[in-house]
Structure formats: structure tokens, C-alpha cells
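Read the figures in this text as sums done on the coordinates, not as results from a lab. A quick note: this is a predicted structure, and the numbers were derived from the prediction, not measured. Counting neighbours? That spans all protein chains shown, and the Cβs are built from the backbone with ideal geometry, glycine included.
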Amino acid sequence: MSGTMKSSISVWQGIALYVGAVIGSGILILPGMTAGIAGADALFSWGGMIVLSIPLAYTFAFLAREYPSAGGVSTFVEKAFGRHAGALIGWFYFIAASAGQFVVPLTGGVYVTYAFHLPNLVAFLIAAVVLFGAVIGNYLGLRTSGRVQLGTSGLIVVVLLATILFAIPSMHASAFSTHASASALPSIGRAAMLIFWSFFGWEAIASLAPEFHRPERDVTRATWGAVVIVGVLYFGIALAVIGTHSYVTGQQSMAQAMNNASLAQVMANTIGGSGVVATAVLALVICLGTTNAFVASISRLAYSLSHERLAPAWFDHVNEQRSTPQRAVLLVGALAGIGLVVTYVFNLSMSQLVYIPNSLGIATYILGTAAGVRLLRAWIGKVCAGVACVLCLVAYPFVGAFIQIPMVVAVLCIGYLLWRTRQERRKHKAGRTEAVRVE
């Protein structure tokens, strides 16, 4: 290892990183997607997921406070279930979050193209620019990234609240007509499964816990602030989309385009064309902030996995002057760039992209919360972890065929660990042989 990382994150920066990590492409694309599936019943999906996200967020906050480590979730699972389980969950989370890296900036690009009626290629070019900016910001150091995140997250909160307030006069009571019956449960469940994507990020702060000024106090405070802000904004935006009927049911390409940019449609229905332009700018700000936060946390997970000899040793490096794992930051950027290219070439839809990190993220949460049940000493921590674990187990079957993705990642992880173990044994054996010759 070539250095250590400094304690540089305050409570306010922690809240900003939390909000920036959680509020991203989910708040932009999922309100319209879920309304397209379940109509006004999607409010039950959003309300349920907001309530159930509380124990999930606090599980990782309690774990980060008691076991601060740059490894985050993988460290917790390793302590609970052993080294190989920790390696597997580390790979799960890393690949899931890396996939999210190209979904997030692409969402910003989709909003811009929807607002200005631009070709689809422009969305990918914008996504590439957003990604490049986030990688450069993190490459220059966490302190710079934290300050940028604090400013952008504050702007996100102000603009989203303004959007909700603008939508209130245009909401119609008839738009909230629900059908909370047994027949509506399947659509509510499918909508809730999609919403899972918008709650990924509560665990991201765990990787940054060692860099808080006082982890035992500041991590929990940052969680409290973020949970309140995220809950209010999520449900408020869902109300705005449904109340102004800024969505379309069906699978037509035009319907999907509107649902993917439903927040822009809310502004179009409330203040006109200028609102669509403003929302496009908002989308870029949100996606830049979210991408910035995730590049910070994912790169530190890659660094930790490498330092623990669970990933290639080349990433076990920290720039002492900038206190940043720069090689890992470049890796995250490269993976996201490849994802953008593959998405464009194969013309994948946004809903398909969301299921990629969903399948891996939920698998990560199952083991992560199970580790919380085993490791946390306080009863409230164990209860939070148990409730969160049950939620993830109930949701997991809804990923459908995408459940194959965690299986593939597991095979790759185990294969790499076996290969590295064999290489180390050969090296050790060769060293012993050479020592005998010298004697």
C-alpha cells in the first residue's frame, strides 16, 4: 500500500454525499416508469419502499459506525461469514455500482434529448461528458469532490422542492384514484421492484466511514439528515408526476420516452416549455452529483479489495499528496465508459439497464443485512438488519432472468480467487526451492 486516506468528511459533507448517492437517476426516471406500470397505485409502492428503506439505511449506518472500513459491505460480510463471502459480496457490489455508473449519466442525457428533441446519440455524448467530469473530480482528491457534492446536493434539494410546489396547483384529485386490491398487487410489486434502484446508495457511505472526522458520531447524524431529505423528495416527486398525470401507460416508444423523462413533463404541464429546459439542467446537475459520489465510494471499494488481495494488486495504491486511490478511480471510469458503448450498440432500454444493478445490488443487500443481524450488538441494530434482510429476500425473486448476472459474477470471483491462490502457492514453493539451493 502506498499511503493512507485522511479524515476529511464533515457531517454536512456526509449528508451531501448520501443525498447525492441516493437521489439520482431513480428520482428522474422511476416515478414515470412506475406510474406507467401501476398508475396511481404506484404511490403505495413509493410509500412502502420509503418506510422500508429506513431500516436498510440504519443497518449500514450502524455497521459503518461499529466497524469503520474502506471496504464497506464486503468487510461486514467477511467479519460475519468469512473471507470468501466478503470477497464475493465485494465483487457483487462493485459490479452493480459500476453498472449504475453509466445508467446515471445516461439519464441526464435522456432528459436533455427529450427537452430539446435531439437524436439519441446526443444522450450518450452528454453521459460521457458527465462521467469524465466525475472521474477527473475524484482523481484530483476527495476533499474537492466533497465540496462539489455539498454544493450540488443543496441545489438539487432546492430545485426538487420548487418542482413539487409548482406542481401542486396543477394536481387533480381524480388522478389519485387508486385500486388497492388483490388484483393490483402484482403491478404494485413490479413497481416496487423497479423502485429498489432509487434506494441504492444507502450502503455507499460505509466505504467512506473511515474518512469522517468522527465516524462513531457523524455517520449516524449524516444518515438521519439524508433519510428525511430523501423520503420527502421521493414521495413529493411521485405525487407531482401522478397528480399532474405526467406519464403514459403502455409500451410504445413515445410512452417510454415520456415516462423516462416524467419530471420534465411535470414542468411542461405546470409552467410550460421553459420548465422543460430547466428540468433538463436539473437532470444534469443531479446525475453529475450522483456520479461523483459513486465514483468516490466505488473506487475506495476497489482499493480495499485489492489491498485485501481479493482483486488485482495494481489497484492497491493511494496517492499520498491527494489522498485518493487514483488507479481505482480510473478503473471505475473505464468500466462505465465501456457500459455506455455497449448500451448504445445494442440499443438497450432504461428498464433493462436498471435490472442489471438491481440483481447484484439486492444480492449484496441480502448478505450485508444478514451480516448486520450477526454482528450488531444493540437490539435496535439487529431489528433494523432483520427487517431489511426480509425485505430484500421478498424482492429478490422479482429480478427474474437477471438473477443469472450474480451467478456469472460469482463464478468469475471464485475463479479469480482460485487462480490467485494457485499463483501464490507456486511463488511460495519457488521461493522455498531457491532458499534450499542457496543453502
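Peptides 389-396, 133-140, 54-61, 96-103: what's the order by average Cβ count within 10 Å, highest mean first? The partial results should precede the final answer.
On the way: 389-396: 18.0, 133-140: 21.4, 54-61: 24.4, 96-103: 26.1.
Averaged packing, sorted descending, gives the order 96-103, 54-61, 133-140, 389-396.
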| query | Which order, highest average first, do 287-299, 113-125 follow once you tally other Cβ atoms within 10 Å for each residue and take the mean per peptide? | reply | 287-299, 113-125
| remark: So, with points 7 Å from each Cα along the Cβ direction, the V228-V411 label distance in nm works out to 4.9 nm
| message | Between F346 and V277, what is the label-point separation in nm under the 7 Å Cα-to-beta-carbon projection? | response | 3.8 nm
| query | Which order do F76, F315, F176 fall in if you start with the one that has the fewest other Cβ atoms within 10 Å? | reply | F176, F315, F76
| query | With a 10 Å Cβ neighbour count serving as the proxy for reagent exposure, in which order, fewest first, do M350, M407, M267, M193 appear? | reply | M407, M350, M193, M267
| request: Quick one: plug the Kirkwood hydrodynamic radius of the chain (C-alpha pairs) into Stokes-Einstein at 20 °C, 1.002 mPa s, and report D in µm²/s. | output: 98 µm²/s
| request: Compute the label zone of R374 within the range 380-424: residues whose backbone N is under 16 Å from the point 7 Å along Cα-to-Cβ. | output: 382, 385-386, 389-390
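What full-extension length gain, to one decimal in nm, is calculated for S183 and F132 as 0.36 nm per residue of separation minus the Cα-Cα distance?
Numbers: separation 51, 0.36 × 51 = 18.36 nm, distance 4.58 nm.
Here the answer is 13.8 nm.
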